[in-house]
Amino acid sequence: MTADPRLQTLPDEAALQLHADGSLRHLLTLKDLDRDLIIALLDEAESYLAPAGALPVRSDALAGRTVGNLFFEPSTRTRASFDLAGRRLGADVLNLDVNTSSRKKGESILDTIYTLQAMAVDIMVVRDAGAGVPAFIAQHVQDFVSVLNAGEADVSHPTQGLLDLLTIRQHRDDFANMTVAIVGDIRHSRVARSAACGLQTLGVGELRLVSPPAMAPADGEFASARVLDNLEDGLRDADVVMALRIQKERIDDLEGIPGTDEYAASFGINAERMQLAKPDAIVMHPGPMNRGVEIDGSLADGPRSVITRQVTNGVAVRMAVLAHVARAMGRT
Ligand code: ASP
């Protein structure tokens, strides 16, 4: 968490991230995106998917634009995915090396942002361990700059949420008749928060959040979800099962947090346990996976798994978001 006192007062994210016509100026959270906007982004993402083995879809939607990847927290998939998405749309992509960046030398985040802005970086993709950092940056950039949240503390990971929705929709598109079980460290997970938000906007039939008590969300945080501490109840007749990693880097108080063996024994998902779910249920994981802890390796590699499809969809979703904000640039 950041100690920067300026981040204590968060701006009104809805007013900040949407243009008056409802299009996205920034993508900070899925909270203010209505169903139509989410569906439009998913549909556009579909148009960027190529058949397996074919050359990736390319366009010049971002020709002349510059995308800056500012990852102040480790990332493999998301960073590579934004990088490829930007390049496939014809943008210049700048990957800031956080280990040598000036921020490590004490430069404030805004000085870094103003520096990039002065080099005509139009789209800033930001990952930070501090809550409120993407919104804070969005508040301070010039009108022609878009800020995309690529993972914000335990708060939000909106492009992950969109790629999860796309992957689920490819399996079944009747969200109202669907049960989705998210299993794992819900309390510390931005992936769970963004997925839950998007699923609720699309009218999911039943959302289950399954975890040991020490990893459960705070009372009332997910008003319409069923919070469960028993894996069998969580998996029974589920259509979609999403396993999450224990977010050790964000857990300050280990009180009640099970060790990995204990966790695997009670909450690890494997083929046998998946028999409780619907016969055609899919298994998801945002990565990075700890095989043998939250998910069994053979299940992750097996026919129910859509984990690599999530990765493919991640590039397509990020292309859709980049193209959308680029089209919307300059609106008021
Ligand atoms: N890659 C995801 C994230 O950035 C999930 C994880 O790290 O467990 O939140």
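Nearest 20 debye, what's the magnitude of the dipole of region 232-332 about its Cα centre given +1 on Lys and Arg Cβ and -1 on Asp and Glu Cβ? Walk me through the intermediate numbers first.
Numbers: 12 positive and 15 negative charges, 183 e Å.
Charge dipole of region 232-332: 880 debye, to the nearest 20.
If the reach is capped at under 28 angstrom between alpha carbons, list the lysines near K104, excluding any in the same chain fewer than eight residues apart.
Correct list for K104: K248.
Stretched out fully, how many nm does the piece from R103 to I39 gain, at 0.36 nm a residue minus the Cα gap?
Residue separation times 0.36 nm, minus the Cα-Cα distance, leaves 19.3 nm.
Please go through region 160-251 and write out the trypsin sites (Lys or Arg not before Pro) that DSSP classes as loop and that have at most 15 other C-beta atoms within 10 Å. Don't skip to the answer; put the middle values down first.
Working: sites: R169, R172, R187, R190, R193, R208, R226, R236, R245, K248, R250; in loops: R172, R187, R236, R245.
Those that pass, being in a loop and sparsely packed, are R172, R236.
Full-extension gain between R250 and H171, please, as 0.36 nm times their residue separation minus the C-alpha to C-alpha distance.
25.3 nm
To the nearest 10 degrees, how steeply does helix 109-118 sit against the main Cα axis of the chain, on a 0 to 90 scale?
50
Tell me, what HN-Hα J-couplings in whole Hz come from the Karplus equation 6.51 cos²θ - 1.76 cosθ + 1.60 at θ = phi - 60° for each residue of region 207-215, using x for Gly and Pro?
Once θ is set to phi - 60°, the couplings for region 207-215 become 10, 10, 10, 10, 6, x, x, 5, 10 Hz.
DSSP beta bridges in the chain, what fraction antiparallel, as a percent rounded to 5?
Bridges in the chain are about 5 percent antiparallel.
In nanometres, what is the gap between the two model label sites at K31 and A50, each 7 Å from Cα along Cα-to-Cβ?
3.9
Would you work out which of I307, G205, V283 lies farthest towards the positive end of the dipole of the chain, given +1 charges on the beta-carbon of Lys and Arg and -1 on that of Asp and Glu, about the Cα centre?
I307
About the Cα centre of region 178-251, what is the dipole size in debye to 20, counting +1 per Lys and Arg Cβ and -1 per Asp and Glu Cβ, all else neutral?
340
For Cα pairs less than 8 Å apart in space and 6+ apart in sequence, what is the mean separation divided by the residue count of region 181-272, i.e. the relative contact order in percent?
That works out to 37 percent.
Where the centroid of each part is defined by its Cα atoms, how far is region 164-193 from region 72-149 in Å?
27
Calculate how steeply helix 307-328 sits against the longest principal axis of the alpha-carbon atoms of the chain, using the helix alpha-carbon long axis, and give the answer as 0 to 90 degrees to the nearest 10.
So the helix axis and the longest Cα principal axis differ by about 30 degrees.
Can you give the angle from 0 to 90° between the axis of helix 190-201 and the longest principal axis of the chain, with both taken from C-alpha atoms, to the nearest 10?
So the inclination is approximately 90 degrees.
I want the local charge near V315. Using Cβ-Cβ distances under 15 Å, sum +1 for each Lys or Arg and -1 for each Asp or Glu among the other residues.
+3
Just how large is the dipole of the chain about the Cα centre, in debye to the nearest 20, putting +1 at every Lys and Arg Cβ and -1 at every Asp and Glu Cβ?
Dipole size: approximately 860 debye.
Bear in mind these aren't lab numbers, they're just calculated from the coordinates by the rules spelled out. The structure displayed is predicted, hence computed values, not measured ones. Counting neighbours? That spans all protein chains shown, and the Cβs are built from the backbone with ideal geometry, glycine included.
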